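Undergrad: Structure below; questions to follow.
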Amino acid sequence: MTGYSPQTIEELELQAAVVRKTLLQMIHEARSGHPGGSLSAADMMTALYFYEMRVDPANPKWEDRDRFVLSKGHVCPVLYTALMLRGFFPMEEVHNLRKKGSILQGHPDMKRTPGVDISTGSLGQGLSTAVGMAIAAKRDGRKLRVFVMLGDGECNEGQIWEAAQSASKYQLDNLIVLVDNNTLQNDGTCDAIMPTLDLATKFKAFGFDVLEIDGHSMEAIVAALCATRQEGIRPRCIVAHTVKGKGVSFMENVVMWHGMAPDAAQYAQAIREIDRVLE
Amino acid sequence: MNAIATRDAFGHELLAMGEAYENLYVIDCDIGKSCKTVDFQIRFPAKHVNVGIAEQNAAGVAAGLATMGKVPFISTYAVFGSMRMLEQIRQEACYPNLNVKIACSHGGLTPANDGASHQCIEDMGILRTIPNMTVIMPADYWSARKLIDAAYHYPGPVYLRFTRDPIPVIYTETDVFEIGRAREVLAGKDATILANGDVLSLAMQAAGEMREEGVSVRLIDMHTIKPLDREAVLKAIYETGRIVTIEDHNILNGLGSAVAEVMAEEGKGKLKRMGVQDRFGESGPYELLLADNGVTVEDVKKNVRTLLQD
């Protein structure tokens, strides 16, 4: 199935708004976490978990499921939210982010959280693990695909490019890299801290089929994901131009919101703004 | 005495395991010829990956393979297989306790002519501080083969360290080795030598010569420094009192330190740690590099005698 209707797009847009509200609730209640990059990734994560990926919440270890690697592991609130809303674990867990003994650790822990396929958190390592998964799937003749989300900031890490060249060498057309290109990193803009240069050109040079999209256009995201279903000989990369903090006016493009939780008033305002989308 | 490098044991055991185990993988980092994985690659190309000169990626790829039910063995030199990819090992293999094996040639000072950049005297100590990690250095060809196979079956991350050059074969094909279980090589009651790796042979010669002098030295193969066979150490403490450790590793944080931890907590026994004296090596014949660090047959005998005098 590669077709999708306007109705599908609208449903996904509404779902993305729920994802945004829920992840903000999580971070607000935890009083710590990373809202900026969670919000920039929210539309893609919604499309992955509510449209594209073959997963079974009742059987999170299903062998033939598609795999997902959140290489930018600090934005796990958006992953936890997607998993929770898909039914991998109860909605009550929304209150437990970063709590002692919680299944929802500050960074993804595959041993604790149903639906998390690999532990991440140390930047630059996720693409390598995804390559390992994709090699195993391909050689075992499994049709599953491996999706991995990178931050643009973490592309500072040399290991990303080690992994990229190995994906190309092993012709991993079952590997789909999504780059959340929100142009900000922890200490400032990517341009100020370490210019990423043209990520689309770089991934092309490393042997990927590359698409560039608006990472907040649900239609563009869904169309790009559908395009990656074609078999081929090259790994796929979707460079998604995004806005850090997207959907909350005072968080958008503000570096400070990389790793800060909204207080009660800020949280209330953020919810009001997102609710407008839902109306 | 026949002599074979334990890196060759790795190459031979990989071929045997490749036939037996469907889910075995080998990940090379462009030194397969030196690490003895070439025959495996030729025989089992579908279970082989070469990531090139990119060890950090190797660790991550191995973790990904492990999540898919594979048992990957990363093959490189000890200095790269421990420290170059150290944080990847911690994050992606140890923290999720994945079935990643790291099997390294060129342990300790054994890549003698290559000099300090390729020698590795820190790896076992560093890796034993990471939760979930198991750390092993076999003493000869047959124990290496048995412990490599045991590592395949042992759940979780395992680090194995081999010699570059031929070392004496002291065991036979029928000897049994278990990870975390020390093996008594020589019985004795006056003192105990706890050793691992190729320097066990050196200790064996020293213990044999001392026997002729009327000194009864127990010799224990501590191939696994984590999990440490605490029982073997306690028996050495309470039955012989005097302990010498010997290893081709920095005396900081390796076998000697692990044994010292047990002895300090017991508050019993006397210890002499033999090994690399917290300094980098250089190019030169292996025996001379060991001698620079006070690791010779004569030094072993001298240290045992000193402990016996007190």
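The values are calculated or read from the model by the stated rules, or taken from the named source; none is laboratory data. Bear in mind that the values here come from a model prediction, so they are computed numbers and not experimental data. FYI the Cβ positions are ideal-geometry reconstructions off the backbone, even for glycines, and counts take in every protein chain you see.
Undergrad: If you go through region A:90-104 one residue at a time, do you hit one that is within 17 Å of A:Leu70 (Cα to Cα), facing chain B (nearest Cβ under 8 Å) and at pLDDT 95 or above?
TA: No, region A:90-104 has no match at all.
Undergrad: Follow-up question, since we're still on this one. Look at region A:81-127 and say how many of its residues are under 16 Å from the mean Cα position of the chain (by Cα) and part of a helix (DSSP H, G or I).
TA: Within region A:81-127, residues that are under 16 Å from the mean Cα position of the chain (by Cα) and part of a helix (DSSP H, G or I) number 8.
Undergrad: Further question on the same structure: How many residues does region A:190-225 contain that are surrounded by 15 or more Cβ atoms within 10 Å (Cβ to Cβ), β-branched (Val, Ile, Thr) and more than 30 Å from A:Glu10 (Cβ to Cβ)?
TA: Counting residues in region A:190-225 that are surrounded by 15 or more Cβ atoms within 10 Å (Cβ to Cβ), β-branched (Val, Ile, Thr) and more than 30 Å from A:Glu10 (Cβ to Cβ) gives 2.
Undergrad: Follow-up. Where residues in region A:165-189 are among the small types (Gly, Ala, Ser) and in contact (Cβ under 8 Å) with a residue 60 or more places away in the chain, which of them is surrounded by the most Cβ atoms within 10 Å (Cβ to Cβ)?
TA: My answer is A:Ala167.
Undergrad: Taking the condition of being facing chain A (nearest Cβ under 8 Å) and among the aromatic types (Phe, Trp, Tyr), how many residues in region B:50-77 meet it?
TA: Counting residues in region B:50-77 that are facing chain A (nearest Cβ under 8 Å) and among the aromatic types (Phe, Trp, Tyr) gives 0.
Undergrad: Could you list, in sequence order, all residues of region A:198-218 that are in a loop (DSSP other than H, G, I, E, B) and either under 18 Å from A:Thr46 (Cα atoms) or at pLDDT below 95 (or both)?
TA: Matches in region A:198-218: A:Gly215, A:His216, A:Ser217.
Undergrad: State which residue is nearest to A:Asn186 (Cα to Cα) when the search covers only region A:110-126 and only residues that are facing another protein chain (nearest Cβ under 8 Å) and in contact with a Phe, Trp or Tyr (Cβ under 8 Å, 6 or more places away or on another chain).
TA: A:Ser119
Undergrad: Hey, among B:Arg128, B:Arg161, B:Arg181, which residue is within 30 Å of B:Asn23 (Cβ to Cβ), among the charged types (D, E, K, R) and under 11 Å from the mean Cα position of the chain (by Cα)?
TA: Of B:Arg128, B:Arg161, B:Arg181, the one residue that is within 30 Å of B:Asn23 (Cβ to Cβ), among the charged types (D, E, K, R) and under 11 Å from the mean Cα position of the chain (by Cα) is B:Arg161.
Undergrad: Name the residues in region A:231-248 that are part of a loop (DSSP other than H, G, I, E, B) and either in contact with a Lys or Arg (Cβ under 9 Å, 6 or more places away or on another chain) or surrounded by 15 or more Cβ atoms within 10 Å (Cβ to Cβ) (or both), would you?
TA: Scanning region A:231-248 gives A:Arg234, A:Pro235, A:Thr242, A:Val243, A:Lys244, A:Gly245, A:Lys246, A:Gly247, A:Val248.
Undergrad: Next question. Taking region B:76-90 as the region of interest, how many residues are surrounded by 22 or more Cβ atoms within 10 Å (Cβ to Cβ) and not hydrophobic (A, V, I, L, M, F, W, C)?
TA: Number of matching residues: 5.
Undergrad: Pick from region A:93-152 the residues that are more than 25 Å from A:Gln230 (Cβ to Cβ) and of a type in the set (Lys, Arg): which of them is surrounded by the most Cβ atoms within 10 Å (Cβ to Cβ)?
TA: A:Arg98
Undergrad: To continue, here is another question. Kindly list the number of the only condition in (1) crowded, with 20+ Cβ neighbours inside 10 Å; (2) not in a helix (DSSP H, G or I) that fails for A:Pro57.
TA: For A:Pro57, the failing item is (1).
Undergrad: When you scan region A:6-53, how many residues do you find that are more than 13 Å from the chain's Cα centre (by Cα) and of a type in the set (Gly, Ala, Ser)?
TA: Summing the residues that are more than 13 Å from the chain's Cα centre (by Cα) and of a type in the set (Gly, Ala, Ser) in region A:6-53 gives 4.
Undergrad: Right, another one. Since B:Ile193 meets every condition but one in (1) closer than 30 Å to B:Gly156 by Cα; (2) outside any strand (DSSP E or B); (3) within 19 Å of the chain's Cα centre (by Cα), which condition does it not meet?
TA: Evaluating B:Ile193 over (1) closer than 30 Å to B:Gly156 by Cα; (2) outside any strand (DSSP E or B); (3) within 19 Å of the chain's Cα centre (by Cα) leaves (2) as the failure.
Undergrad: Could you look through region B:88-108, keep only residues that are touching a residue at least 12 places away in the same chain (Cβ under 8 Å) and within 9 Å of chain A (Cβ to nearest Cβ), and pick out the one that is nearest to the chain's Cα centre (by Cα)?
TA: The qualifying residue nearest to the chain's Cα centre (by Cα) is B:Arg90.
Undergrad: Do we have B:Gln205 as modelled with pLDDT of 95 or more and either within 27 Å of B:Leu86 (Cβ to Cβ) or assigned by TED's automatic domain parsing to the domain that holds B:Leu24 (or both) here?
TA: no
Undergrad: Which residue pairs have Cβ atoms closer than 8 Å, lie 6 or more positions apart in sequence or on different chains, and pair a first residue in region B:135-158 that is over 17 Å from B:Gly197 (Cα atoms) with a second residue that is surrounded by fewer than 24 Cβ atoms within 10 Å (Cβ to Cβ) and of a type in the set (Ser, Thr, Tyr)?
TA: B:Tyr152/B:Tyr21; B:Tyr154/B:Thr134; B:Gly156/B:Thr134; B:Pro157/B:Thr134
Undergrad: Moving to a separate point now. I'm told B:Glu55 meets every condition in (1) in contact with a strand residue (DSSP E or B) (Cβ under 7 Å, 6 or more places away or on another chain); (2) surrounded by fewer than 24 Cβ atoms within 10 Å (Cβ to Cβ); (3) of a type in the set (Asp, Glu) except one. Can you identify the failing condition by its number?
TA: Unmet condition: (2).
Undergrad: Residue check, A:Tyr267 against (1) closer than 23 Å to A:Lys72 by Cα; (2) of a type in the set (Phe, Trp, Tyr); (3) in contact (Cβ under 8 Å) with a residue 60 or more places away in the chain, all met but one. Which one?
TA: Condition not satisfied by A:Tyr267: (1).
Undergrad: Residues in region A:127-147 that are more than 8 Å from chain B (Cβ to nearest Cβ) and closer than 19 Å to A:Cys190 by Cβ: how many?
TA: Matching residues across region A:127-147 total 0.
Undergrad: With the requirement that a residue be within 14 Å of another protein chain (Cβ to nearest Cβ), out of contact with any Phe, Trp or Tyr (no Cβ under 7 Å at 6 or more places or on another chain) and outside any helix (DSSP H, G or I), what does region B:30-49 give you?
TA: If the condition is that a residue be within 14 Å of another protein chain (Cβ to nearest Cβ), out of contact with any Phe, Trp or Tyr (no Cβ under 7 Å at 6 or more places or on another chain) and outside any helix (DSSP H, G or I), then B:Asp30, B:Phe44 are the ones that fit.
Undergrad: Taking into account only those residues within region A:128-156 that are basic (Lys, Arg) and not in a helix (DSSP H, G or I), which is nearest to A:Val75 (Cα to Cα)?
TA: If we take residues in region A:128-156 being basic (Lys, Arg) and not in a helix (DSSP H, G or I), then A:Arg145 is nearest to A:Val75 (Cα to Cα).
Undergrad: Give region A:249-277 a look and list any residue that's closer than 22 Å to A:Glu11 by Cβ and surrounded by 11 or more Cβ atoms within 10 Å (Cβ to Cβ), or say none.
TA: A:Ile271, A:Glu273, A:Ile274, A:Asp275, A:Val277 - these are the residues of region A:249-277 that are closer than 22 Å to A:Glu11 by Cβ and surrounded by 11 or more Cβ atoms within 10 Å (Cβ to Cβ).
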